[in-house]
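Below is one structure, written out as structure tokens; the observations come after it.
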Ligand code: NAD
């Protein structure tokens, strides 16, 4: 047996760490600093309702990442967040000096939580600064913008994730498992609703097409689309859609209510509903020998589910933000090359479906073919 001296041991360990860093495309600073980089630093860009209400609190209990910095256009929030979350002054940026984040070793991941039309610009600036990127849903306001984000992240050798928190939720995972392991046979039909009743509490950009890219479909529709896809276990091959407006004076230039029908590559058929004027929070999957339902299916949790056997789909309740699991999974993906549950291709695929839905509506509900293959379907 080879006798290992302390020096040989250190050389071997260093080589192993460097090797791991190279294999997983990590900067070498991770290798030489591996003790320090057990947890990756996240900077949140845009400190609105979601960043303040969900992401920042979720980062207080995360295992593989922490709230290291902020980027805000509102000076009064700087002091408030510095105090509340113990953020050092040098990790605070505004939208103008944001690019200098490139020189800040505390920040590994930039998480873009701005209005939808601003995602592409800030994702690309973050990638150019050499930071890994998470962008909120919808990934951007067009397929072309998604392509530009993906290209920039590839060119700058940084990882890209979309804030689809449902992908790492255990209830969602259980529905995916039913599709894969077939305890009720093949999936035949899926249906999902995702909506809420809009009101004056909403920040106004959501009702401006220029900022939001669309209405209910861009905001809540992505949940219904994703529910149908993970329920079916496949991507749609064709889609048709209809738009309904009951309050045109309120929803002046964004969609209020949309229904859509899909056929999937495995012959499953599906139906989705999304609205800014009706509540919906459900996934129903019909199998050859039974059914499963999640309701709620995409709120902040805990979710709830049942099957035709009468069993509740239930996981031991642990008071935990879904976003903690989501951000930890992405940080782990960077640190260990574990799966990326919500890669950029998934966000782009959803925008391709959204664009097909708007096209179908424009053409009076015509069926639009889609050629997605397995794009964005992550096996975990
Ligand atoms: P919000 O309106 O509460 O916050 C938006 C933030 O962007 C604010 O801090 C605002 O000051 C800032 N901002 C910068 N420039 C702006 C401009 N020109 N106009 C308006 N605001 C500007 O919105 P939110 O609810 O936090 O949503 C932000 C993003 O997060 C959206 O993409 C949304 O779809 C997404 N989101 C995701 C989830 C989820 O569950 N994954 C939940 C809510 C929101």
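The values are calculated or read from the model by the stated rules, or taken from the named source; none is laboratory data. Please read these numbers as outputs of a predicted model, since none were measured by experiment. So basically every Cβ, Gly included, is an ideal-geometry build from the backbone, and we count neighbours across all protein chains shown.
Computed quantities for the displayed model
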read-out: Cβ pairs under 7 Å, 6+ apart, first in region 99-122 and within 15 Å of residue 144 (Cα to Cα), second part of a helix (DSSP H, G or I) and more than 16 Å from the ligand (Cβ to nearest atom); value: 120/148
read-out: Count of residues meeting criterion [within 14 Å of the ligand (Cβ to nearest atom) and either under 17 Å from residue 83 (Cβ atoms) or crowded, with 16+ Cβ neighbours inside 10 Å (or both)] in region 51-67; value: 7
read-out: Answer residue from region 284-301, given it is more than 15 Å from the ligand (Cβ to nearest atom) and without any contact (Cβ under 8 Å) to a residue 24 or more places away in the chain and is surrounded by the fewest Cβ atoms within 10 Å (Cβ to Cβ) among those; value: 295
read-out: Some residue of region 315-333 being assigned to a helix (DSSP H, G or I), surrounded by 19 or more Cβ atoms within 10 Å (Cβ to Cβ), more than 16 Å from the ligand (Cβ to nearest atom) and not assigned by TED's automatic domain parsing to the domain that holds residue 58; value: yes
